[in-house]
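Reviewing the structure listed below.
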Amino acid sequence: MRIISTDRLEPLFDTAATRAIEQAAQATLPHHALMARAGLSVARLARALAPHARCIWVACGPGNNGGDGLVAATHLHGWARQSGSGLRVVVTHTANDDESIARLPPDAHQALAAAQAAGVTFQTMPPGEADFAIDALLGIGALRPPTGVLATWLACLRTTAAPVLCVDLPSGLHADTGMLASVASESHDRAAGTQPGPRHTLSLLTLKPGLFTGHGRDSAGQVWLDDLGTSAADVPVTAWLAGRATDAQPRHTLAHASHKGSFGDVVVIGGQGLDSTGAGMTGAAILAGRAALHAGAGRVFVGLLEAASTHPTTWDPVCPELMFRLPDTLLDAPLLQHASVVCGCGGGASVAAVLPQLLAGAATLVLDADALNAIARDGPLQALLIQRRTRGWTTVLTPHPLEAARLLGTDTPQVMAHRLQAAQAIAERFGAICVLKGSGTVIAAPNGIPRINPTGNAGLATAGTGDVLAGMVGSALARPVLSSAEAVDRVSSAVFQHGQLADQWEPDEALVAGRLALRARPIA
């Protein structure tokens with residue numbers, strides 16, 4: 001058993017892959033062996049997490065997940081009796097009559113009989129004095145929303161102030177997508193002001209994608225893994241949990257003959273000036289430029305789409321190193337061929353006019369925000385985007401869920417319900433790397449295995465942080481990219497660092513995009 005951190009690349013397996021691993025293990029192990037290992041592992045972790053607990057509630061459902069909980073309860077009960085600690089272990093189980101007991105899977109049926117024989121306490125209602133809980137209600141096979149007593153107990157688990165250890169995954173969480181089933185009484189309990197306690201999840205056999213994207217990160221809390229002594233060597237990986245970004249070697253330690261051209265150019269085009277309604281988004285492009293500069297680009301050019309402004313922006317007092325140019329001068333073919341171009345940040349309606357030239361001429365192109373919206377509603381622009389792949393050029397699309405829905409011709413709930421599939425579909429359709437933003441940002445590339453980023457938090461839910469990410473991605477691609485795999489690695493590193501900056505933010509300091517941009521670091 002080990003704790004899962006953000007320091008290493010981790011393979012993720014969906015339900016079908018996990019079932020294949022489970023079946024292969026069961027073919028070589030004695031009867032009940034996997035459940036015995038799983039239950040013992042749950043009990044050991046529960047004891048480590050709550051060594052001084054006085055009452056542990058184990059909520060068991062009707063499947064093998066509930067069987068794991070029963071085995072854990074039996075161990076905890078036995079250890080308490082041996083040590084004389086006074087710990088009470090109380091089980092609530094959905095199988096409370098002969099008919100429901102007869103429907104239990106064989107392993108779970110045996111686990112129930114063993115728990116009863118050991119003298120474990122069973123109740124029909126959760127103990128009010130529980131100071132630790134084990135969620136063993138539903139596992140990876142449960143796809144329908146819980147009802148009845150399952151829903152009631154699940155609402156209690158989600159809102160209790162006591163720490164909760166989830167067996168394999170939080171009940172009601174879809175293992176593949178991160179979608180979370182709602183229960184009727186949960187919203188009432190939350191409205192009453194209950195602050196849920198710490199959450200832990202012991203994932204068994206494999207790590208599941210849904211634990212790290214969508215609602216998974218909030219529901220699972222700290223994730224642990226026990227492979228139960230099985231091997232996944234022959235089963236294809238569904239996705240990867242992206243590992244730590246590698247910071248670039250300090251520049252003063254590099255070759256003395258280096259110059260600013262050694263670290264690449266970034267061109268930012270966006271930042272529409274005030275329109276007829278008095279709205280303007282100049283700051284978005286400047287934020288992207290500042291982030292690109294601090295992320296290590298040798299030079300950063302900013303072309304603001306200010307039309308015929310009588311007061312054009314000519315410099316940035318925070319980062320005077322940014323070089324402002326008229327957009328037309330930045331559409332020069334030689335510059336587009338060697339620079340990393342970031343387009344769309346605050347581009348408004350004006351960005352559509354420059355996209356044809358950028359799509360047809362920029363060898364490395366990061367498209368964000370208004371550029372994505374323009375492409376979504378314009379067939380010829382989509383055709384130009386798709387053609388880029390045939391030329392071997394690097395394209396990165398950085399949509400949030402609504403922008404992704406527009407690109408796919410669907411709606412936001414569908415994207416959120418299938419985040420990995422949506423990101424992969426965008427990557428395949430447009431021949432580009434897709435960075436689908438949100439909790440557990442998904443990075444997908446054509447014909448590749450998607451990655452889920454493990455960093456970031458709600459502090460990033462503020463205006464301009466997406467523009468900062470676009471600038472960081474553009475900077476990561478400013479130096480020559482040797483392969484499509486290297487491009488994906490660099491994009492993943494930029495996404496990781498962007499979230500990591502938020503994770504390391506001082507809690508008493510407001511996270512705003514302007515400060516975030518200035519804290520970007522060069523990426524190897």
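The values are calculated or read from the model by the stated rules, or taken from the named source; none is laboratory data. Note that the structure is a prediction, hence the values are computed from the model and not measured. Glycine gets a Cβ as well: all are built from the backbone with ideal geometry, and neighbour counts include every protein chain shown. Heads up: the accessible areas ignore ligands, DNA and RNA and are worked out on the full protein's heavy atoms, side chains in. Shrake-Rupley method; radii C 1.70, N 1.55, O 1.52, S 1.80 Å.
Which members of the stretch 151-168 meet the condition of being open to solvent by 30 Å² or more (accessible area, probe 1.4 Å) and either in contact with a Ser or Thr (Cβ under 6 Å, 6 or more places away or on another chain) or not in a helix (DSSP H, G or I) (or both)? Let's see the steps before the verdict.
Filtering the stretch 151-168 for residues open to solvent by 30 Å² or more (accessible area, probe 1.4 Å) gives 152, 156, 160-161, 163.
Listed by number, the residues that qualify are 160, 161, 163.
Limited to the stretch 13-48, what total is found for residues that are aliphatic (A, V, I, L, M) and over 15 Å from residue 79 (Cα atoms)?
Applying the first criterion (aliphatic (A, V, I, L, M)) to the stretch 13-48 yields 16-17, 20-21, 24-25, 27, 29, 33-36, 38, 40, 42-43, 45-46, 48.
Retained after the next criterion (residues that are over 15 Å from residue 79 (Cα atoms)): 16-17, 20-21, 24-25, 27, 29, 33-36, 38.
Counting residues in the stretch 13-48 that are aliphatic (A, V, I, L, M) and over 15 Å from residue 79 (Cα atoms) gives 13.
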Neighbours by Cβ (under 6 Å, 6+ apart or cross-chain): first from the stretch 131-149, among the aromatic types (Phe, Trp, Tyr); second assigned to a loop (DSSP other than H, G, I, E, B) and open to solvent by less than 50 Å² (accessible area, probe 1.4 Å): 132/50; 132/53; 132/162; 132/163
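Looking only at the stretch 395-412, count how many residues are hydroxyl-bearing (Ser, Thr, Tyr) and more than 30 Å from residue 483 (Cβ to Cβ). Please lay out each step first, then the result.
Within the stretch 395-412, the subset hydroxyl-bearing (Ser, Thr, Tyr) is 395, 398, 410, 412.
When the remaining residues are screened for being more than 30 Å from residue 483 (Cβ to Cβ), the result is 410, 412.
Number satisfying all stated conditions: 2.
State yes or no: is residue 349 under 19 Å from residue 288 (Cα atoms), modelled with pLDDT under 95, under 31 Å from the mean Cα position of the chain (by Cα) and among the hydrophobic types (A, V, I, L, M, F, W, C)? Before the answer, list the steps.
Numbers: under 19 Å from residue 288 (Cα atoms): yes; modelled with pLDDT under 95: yes; under 31 Å from the mean Cα position of the chain (by Cα): yes; among the hydrophobic types (A, V, I, L, M, F, W, C): yes.
Against the criterion (under 19 Å from residue 288 (Cα atoms), modelled with pLDDT under 95, under 31 Å from the mean Cα position of the chain (by Cα) and among the hydrophobic types (A, V, I, L, M, F, W, C)), residue 349 qualifies.
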Strands (runs of 3 or more DSSP E) completely within the stretch 69-144 that count 2 or more residues being open to solvent by 40 Å² or more (accessible area, probe 1.4 Å): 121-123
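Farther than 26 Å from residue 418 by Cα and either modelled with pLDDT under 90 or polar (S, T, N, Q) (or both), is that true of residue 244? Break it down stepwise before answering.
On the way: farther than 26 Å from residue 418 by Cα: no; either modelled with pLDDT under 90 or polar (S, T, N, Q) (or both): yes.
No; evaluated as a whole, the condition is false for this residue.
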Top-ranked residue of the stretch 372-387 - restricted to ones that are over 23 Å from residue 493 (Cα atoms) and under 28 Å from the mean Cα position of the chain (by Cα), ranked as most open to solvent (accessible area, probe 1.4 Å): 377
From the options 426, 433, 443, 449, residue that is open to solvent by 50 Å² or more (accessible area, probe 1.4 Å), in contact (Cβ under 8 Å) with a residue 24 or more places away in the chain and in contact with a strand residue (DSSP E or B) (Cβ under 7 Å, 6 or more places away or on another chain): 449
Condition broken by residue 456, with the remaining ones in (1) surrounded by 24 or more Cβ atoms within 10 Å (Cβ to Cβ); (2) assigned to a helix (DSSP H, G or I); (3) in contact with an Asp or Glu (Cβ under 9 Å, 6 or more places away or on another chain); (4) not polar (S, T, N, Q) satisfied: (2)
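Considering only the stretch 34-43, I want to know if a residue exists there that is closer than 29 Å to residue 241 by Cβ and either open to solvent by 70 Å² or more (accessible area, probe 1.4 Å) or in a loop (DSSP other than H, G, I, E, B) (or both). It would help to see each step written out before you state the result.
Pass one, the stretch 34-43, residues closer than 29 Å to residue 241 by Cβ: 34-43.
Pick out the ones that are also either open to solvent by 70 Å² or more (accessible area, probe 1.4 Å) or in a loop (DSSP other than H, G, I, E, B) (or both) and you get 37.
Yes, some residue in the stretch 34-43 is closer than 29 Å to residue 241 by Cβ and either open to solvent by 70 Å² or more (accessible area, probe 1.4 Å) or in a loop (DSSP other than H, G, I, E, B) (or both).
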One residue from 492, 484 being farther than 19 Å from residue 419 by Cα and of a type in the set (Ser, Thr, Tyr): 484
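For the subset of the stretch 466-524 comprising residues that are of a type in the set (S, T, N, Q) and either in a helix (DSSP H, G or I) or in contact with a Leu (Cβ under 6 Å, 6 or more places away or on another chain) (or both), which member is farthest from residue 448 (Cα to Cα)?
Applying the first criterion (of a type in the set (S, T, N, Q)) to the stretch 466-524 yields 475, 483-484, 492-493, 497, 500, 504.
Going one step further and asking which of them are either in a helix (DSSP H, G or I) or in contact with a Leu (Cβ under 6 Å, 6 or more places away or on another chain) (or both), we end up with 475, 484, 492-493, 497, 500.
Details: 475: 23, 484: 10, 492: 13, 493: 17, 497: 22, 500: 24 Å.
The residue in question is 500.
Which of the residues belonging to the stretch 188-231 are more than 19 Å from residue 17 (Cβ to Cβ), at pLDDT 95 or above and acidic (Asp, Glu)?
Of everything in the stretch 188-231, just one residue is more than 19 Å from residue 17 (Cβ to Cβ), at pLDDT 95 or above and acidic (Asp, Glu), namely 218.
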